[in-house]
Amino acid sequence: MTTETTKKFNIDTVEHAAKTPDTELPWAELGLKQNEFDEIVKVLGRRPTGAELAMYSVMWSEHCSYKSSKNHLRQFGEKVTEEMKKDMLVGIGENAGVTNLGDGWAVTFKIESHNSPSFVEPYQGAATGIGGIVRDIISMGARPVAVMDPLRFGAIDHPDTARVMHGAVAGIGGYGNCLGLPNIGGEMVFDSVYQGNPLVNALAVGVMRHEDIRLANASGKGNKVVLFGARTGGDGIGGASVLASESFDDTKPSKRPAVQVGDPFAEKVLIECCLELFKGSLVEGIQDLGAAGISCATSELASNGDGGMEVELTSVLLRDPTLTPGEILMSESQERMMAVVTPENIEAFEAVMDKWAVEYSWLGEVTDTGRLIITWEGEVIVDVDPRTVAHDGPVYDRPFARPEWQDSVQANTFTGSVEDAGRPSAPSELAAAVTELVASPNMCSKAWITNQYDRYVGGNTAMAFPDDSGVVRVDEETGLGVALATDANGRYTYLEPYQGAQLALAEAYRNVATSGAVPMAVSDCLNFGSPEDPDVMWQLAEAIRGLSDACMELGIPVTGGNVSLYNQTGTTPIHPSPVVAVLGKLDDVARRTPSGWREDGQAIYLLGTTAAELDGSEWSNLRGHLGGLPPKVDLAAERALGEILINASRDGMVDAAHDLSEGGLAAALVESSLRYGVGARIALEELMERDGVDLFTALFSETQARAVVSVPRSEEVRFKDMCTARGFAHLRIGVVDAAGGKLEINGVEELSLDALREAHEGTLPKHFG
Amino acid sequence: MTSIPLIGEAVAIAAEPRLAGAKIGVVTFPGTLDDRDAARAVRLAGGTAVSLWHADSELGDVDAVIIPGGFSYGDYLRAGAISRFAPLMSKIIDAANSEAKLPVLGICNGFQILTESHLLPGSMIKNDHLKFICRDQTLRVENANTAWTVDYTDGQEIIVPLKNQDGQYIADEKTLDALEAEGRVVFRYVGFNPNGSRRDIAGISNAAGNVVGLMPHPEHAVETGFGPESLDGAPRDTDGLGFFTSVLTKIVGGDK
């Protein structure tokens, strides 16, 4: 360590840049293309300084600018009706969208990816994924109340999967558990397509009173700009290191971690501290520091405001005194926030910082020049129009085309394929198939993961994994609450991206409705391969088109989200994986419907009809087949089913409800039985006759818009009448059997719950200890 | 209608103004997580919760203190190792050891802080399986005579959530023997030892029985619909409420 307190850099000032137009700059190393660099020069009317180049390069990156997806993402804002807008208090574009919950309450939620850091360094990557999304929620003025994690890893038996899985789960737990936020659900999928590219997505949800909504803008000339939270260090700098040439001395550490390192305690304190600031109305605008650090925060705050901003970079508190101006601008050190404070509130602001022992430094102030000016010891190193950095980045119309292989993949249907040979039909074969299914990597119990997360903290968790959605109470007086579910099916989306994305939405919608909540809003995390590959770009374009069409049809708007591209190993992209989160509202969480039945003798109904849809199914996956077309999307049916489930919950007509999705009826029956260890007697003959399917298909088909429910005897007539009145297919398929300790399905050898539980819960511990 | 109780209903609170007069302090460190839950538990039990800040130098006129779970100062060193030096802790230690025997309950991180403060013997190390664990845990009440357990009966089994990373209780054999002999093992894990704790110990008390610490979280089992579930379907979600009614009864009853 150097003890030198003063450091000298050969500062590339704006003045210097103007005088030295021919200086070579490392724009290519920073990921900029020739046309992009030319554009920067044009915007500035001169070559950028090193610091400006650092800002533009990171803010114009795919991650920050959405340059490949922007043209397509517009559809989320365009395909919106007035009806869909009525509860949207803040739409796409802010840190997170805000939805009106009624009674003066608002809710904000967002899902984001932290994929590549989580592959490089699973623990910190996943941990800081949680940290980042939680700060997005705080930035809106909300108290975060829960998190969720959809995870996709490589093959369960690949040696590297254990490294990623252990690290990511421990990171999510290690960070999230320290924040006091219950983890209420998520997903877990194993597939070799994610081997070199695991998907670690993180969702956070927060609540606030309407009057507490905060936006990221810097307004009001003379207001002060403050940076608070953790100190700025050399972590997460990535490309900025090529700018190290601006440094004179060679005492700095040569290697800097590209992955940020999280400090959950600092984040927890930051949450409390921000909430106290909001409570006292002590900040005018606030922005978290995530990707692109100070570059992003200053340019976005200034761009969203009505004036400009002037900031002195040497005022930033540093963890590492050798950092260069460019590195300080680009550092992605965690647990930092930037705020705009009026001069009158400075004292009160500082008192809150002192109470929570949070470090802060005043960096500068809001101006009326319309320029973002950053100085280093008074010398101007950045002088830009903030809009050109934050909002007017390049936008590309990437070429896309339906892949040549799509037709042959879709023609390769599972039924009758080599992999379909020996399809189970005898009672013992079917029993073995059910057991194999529920023990399989994607269908097995996730308890090994979820037991490493705190689902209780806060005392408001009404439901969590393994129920269909996580339910959190918002208002203790009235019981008002929210339900959340995330879903995606990479195999479906690979087979047909337009439909696949819609199926993800349909499933999340169904999950929320199954728990009795009214779906209200959508957030999506679009995980795809390289947009420079026309095949992938087509998948992305189709998925966005499908998703936006389906949102319109279901009447729920997208309020925010994130796009993660370049998820591929070499030239092999992951399955297109649009992860869709749906948020719903429960007027009283007391009415939420769990996924398992408990009461002996209750009638079990299957809602919806079953077709022979095995392509892309978990069963075909177990047999190593991927081809054909995914299940048909029927959004009108999803809506009708949703209304039935919501009404049934509100009027106390069902005690348990579980949606049918991956693994079909077989998975749903086992999961509903294992939930409380209460079995059932099932007969599917009538269903098979009505729908013209065999027993295997009835059990393993993944036809959409279906759910199983258990109905108290006293409610049966009313429930049937409701389904009939709504013209929705419903069939009594069995009864709850509390005493038997088994799941009996006519034509399937008896399945004891103990054996099913052992199979279901044994898989993850077997692989991961 | 269903016979399963609805959740989120206001839990019946005995209309006992004398209980509401009892003030239970809930300590908040910067990294405390379950303070709101502990305060809610006190309210649901009929008492009045009073927030205490770790940096405060006075305890005020509270009748008992709860040190809730969390990560106090981040716990990067050793859980509770720094917290014991908080200004408020010295007041709590004095009051717990005083003639008046202030009832003190340490939950999870609070338990770790109590052992670091030497109000309770032994220590907590990382779970034997090295992972964080969150589960609905069955406990047996081994001593229903402490300030925090009088509303239970000896041998009663309760289910409360457990959630921690450093929950393995250890002490030397002599200490363990003494704890057993003096009836100071207050709770024991039943059915499954979730962390490798010596002799399945989940919670202990000091000799006077006014200071109790345990790893599981009774404050997460005080409200219908928001607590643990049992596999047999019987509602067990308010099994933890007894901790809080116990101390209120004790305070109001004027017991020592």
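The values are calculated or read from the model by the stated rules, or taken from the named source; none is laboratory data. Remember, predicted model here, so these are calculated numbers, not experimental data. Virtual Cβ from ideal backbone geometry, glycine too; neighbours counted across all protein chains shown.
Can you spot a residue in segment B:223-238 that is buried (at least 22 other Cβ atoms within 10 Å of the Cβ) and either under 19 Å from residue B:67 (Cα atoms) or basic (Lys, Arg) (or both)? Looking for residues that are buried (at least 22 other Cβ atoms within 10 Å of the Cβ) and either under 19 Å from residue B:67 (Cα atoms) or basic (Lys, Arg) (or both), one finds none in segment B:223-238, hence no. Restrict the check to segment B:160-182 and report whether at least one residue is of a type in the set (A, V, I, L, M, F, W, C) and touching a residue at least 60 places away in the same chain (Cβ under 8 Å). Yes, there is a match, as at least one residue in segment B:160-182 is of a type in the set (A, V, I, L, M, F, W, C) and touching a residue at least 60 places away in the same chain (Cβ under 8 Å).
Among residues of segment B:53-86 being within 11 Å of another protein chain (Cβ to nearest Cβ) and assigned to a strand (DSSP E or B), the one that is nearest to residue A:265 (Cα to Cα) is B:70.
Selection over segment A:447-501 of residues that are among the polar types (S, T, N, Q), in contact (Cβ under 8 Å) with a residue 60 or more places away in the chain and not in a helix (DSSP H, G or I) gives a count of 7. Here is a check on your reading of the model: is residue A:699 in a helix (DSSP H, G or I), touching a strand residue (DSSP E or B) at 6+ places or on another chain (Cβ under 7 Å), more than 14 Å from chain B (Cβ to nearest Cβ) and buried (at least 24 other Cβ atoms within 10 Å of the Cβ)? No. Please work out if residue A:300 is modelled with pLDDT under 90, part of a helix (DSSP H, G or I) and among the charged types (D, E, K, R). Against the criterion (modelled with pLDDT under 90, part of a helix (DSSP H, G or I) and among the charged types (D, E, K, R)), residue A:300 qualifies. Just one of the listed residues (A:571, A:559, A:610) is of a type in the set (Val, Ile, Thr), more than 23 Å from the chain's Cα centre (by Cα) and crowded, with 22+ Cβ neighbours inside 10 Å, namely A:610. For segment A:303-314, the set of residues classified as at pLDDT 90 or above and among the small types (Gly, Ala, Ser) consists of A:308 only. Residue A:627 satisfies every condition listed in (1) away from every other protein chain (no Cβ under 14 Å); (2) out of contact with any helix residue (DSSP H, G or I) (no Cβ under 7 Å at 6 or more places or on another chain); (3) farther than 30 Å from residue A:137 by Cα; (4) not hydrophobic (A, V, I, L, M, F, W, C) except (2). The helices (runs of 4 or more DSSP H) located wholly in segment A:28-145 that include 3 or more residues which are among the charged types (D, E, K, R) occupy A:34-44, A:70-78, A:82-85. Filtered by the rule that a residue be of a type in the set (A, V, I, L, M) and either assigned to a helix (DSSP H, G or I) or over 25 Å from residue A:304 (Cα atoms) (or both), segment A:320-358 gives A:323, A:328, A:329, A:330, A:346, A:348, A:351, A:352, A:353, A:357, A:358.
In segment B:88-97, the condition of being out of contact with any helix residue (DSSP H, G or I) (no Cβ under 9 Å at 6 or more places or on another chain), over 12 Å from residue B:214 (Cβ atoms) and among the acidic types (Asp, Glu) is met by at least one residue. Got a sec? Which strands (runs of 3 or more DSSP E) wholly within segment B:112-183 have at least 3 residues that are surrounded by fewer than 16 Cβ atoms within 10 Å (Cβ to Cβ), among the aromatic types (Phe, Trp, Tyr) and more than 14 Å from every other protein chain (Cβ to nearest Cβ)? Qualifying strands (runs of 3 or more DSSP E): none found. Among the residues making up segment A:475-507, those that are among the aliphatic types (A, V, I, L, M), out of contact with any Pro (no Cβ under 8 Å at 6 or more places or on another chain) and buried (at least 24 other Cβ atoms within 10 Å of the Cβ) are A:482, A:483, A:484, A:485, A:505, A:506. Residue check: is residue A:147 crowded, with 24+ Cβ neighbours inside 10 Å and free of Cβ contacts under 8 Å to residues at least 60 places away in the same chain? Answer is yes for this residue. Within segment A:702-742, the set of residues being within 13 Å of chain B (Cβ to nearest Cβ) and touching a Leu at 6+ places or on another chain (Cβ under 6 Å) comprises just one member, A:741.
Okay, residues lined up against (1) away from chain B (no Cβ under 14 Å); (2) modelled with pLDDT of 95 or more:
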residue	(1), (2)
A:128	yes, no
A:135	yes, no
A:138	yes, no
A:153	yes, yes
A:156	yes, yes
A:159	yes, no
A:168	no, yes
A:175	no, no
A:183	no, yes
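The residues of segment A:52-97 that are more than 21 Å from residue A:299 (Cβ to Cβ), touching a Gly at 6+ places or on another chain (Cβ under 7 Å) and charged (D, E, K, R) amount to a single one, A:83.
Filtered by the rule that a residue be over 19 Å from residue A:304 (Cβ atoms), modelled with pLDDT under 90 and β-branched (Val, Ile, Thr), segment A:67-121 gives a lone residue, A:120. Of the residues that sit in segment A:173-224 and are more than 16 Å from the chain's Cα centre (by Cα) and part of a strand (DSSP E or B), which one is farthest from residue A:455 (Cα to Cα)? For segment A:173-224, the residue satisfying everything is A:224.
Of everything listed in (1) in a loop (DSSP other than H, G, I, E, B); (2) surrounded by fewer than 24 Cβ atoms within 10 Å (Cβ to Cβ); (3) of a type outside the set (Val, Ile, Thr); (4) touching a Lys or Arg at 6+ places or on another chain (Cβ under 8 Å), the single unmet condition for residue A:419 is (1).
Looking for whichever is more than 10 Å from chain B (Cβ to nearest Cβ) and more than 28 Å from residue A:614 (Cβ to Cβ) here; the options are A:459, A:479, A:470, A:422. Which one fits?
Answer to the selection: A:470.
Report yes if some residue within segment A:578-585 is in a loop (DSSP other than H, G, I, E, B) and more than 22 Å from residue A:640 (Cα to Cα); otherwise report no. No, that holds for no residue.
Table: residues versus (1) closer than 19 Å to residue A:463 by Cα; (2) in a loop (DSSP other than H, G, I, E, B).
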position	(1), (2)
A:604	no, no
A:614	no, yes
A:632	no, yes
A:640	no, no
A:645	yes, no
A:654	yes, yes
A:661	no, yes
A:671	yes, no
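Here residue A:540 meets each of (1) surrounded by fewer than 24 Cβ atoms within 10 Å (Cβ to Cβ); (2) over 22 Å from residue A:147 (Cβ atoms) with one exception, condition (1). Spot the failing condition for residue A:511; the list is (1) of a type outside the set (Asp, Glu); (2) buried (at least 24 other Cβ atoms within 10 Å of the Cβ); (3) in contact with a strand residue (DSSP E or B) (Cβ under 7 Å, 6 or more places away or on another chain); (4) over 17 Å from residue A:705 (Cα atoms), and only one is missed. Going through (1) of a type outside the set (Asp, Glu); (2) buried (at least 24 other Cβ atoms within 10 Å of the Cβ); (3) in contact with a strand residue (DSSP E or B) (Cβ under 7 Å, 6 or more places away or on another chain); (4) over 17 Å from residue A:705 (Cα atoms) one by one, residue A:511 breaks only (4). Within segment B:137-166, the set of residues being within 30 Å of residue A:446 (Cα to Cα) and modelled with pLDDT of 95 or more comprises B:137, B:138, B:139, B:140, B:157, B:158, B:159, B:160, B:161, B:162, B:163.
Selection of segment A:154-172 for residues being charged (D, E, K, R) and part of a loop (DSSP other than H, G, I, E, B) yields only A:157.
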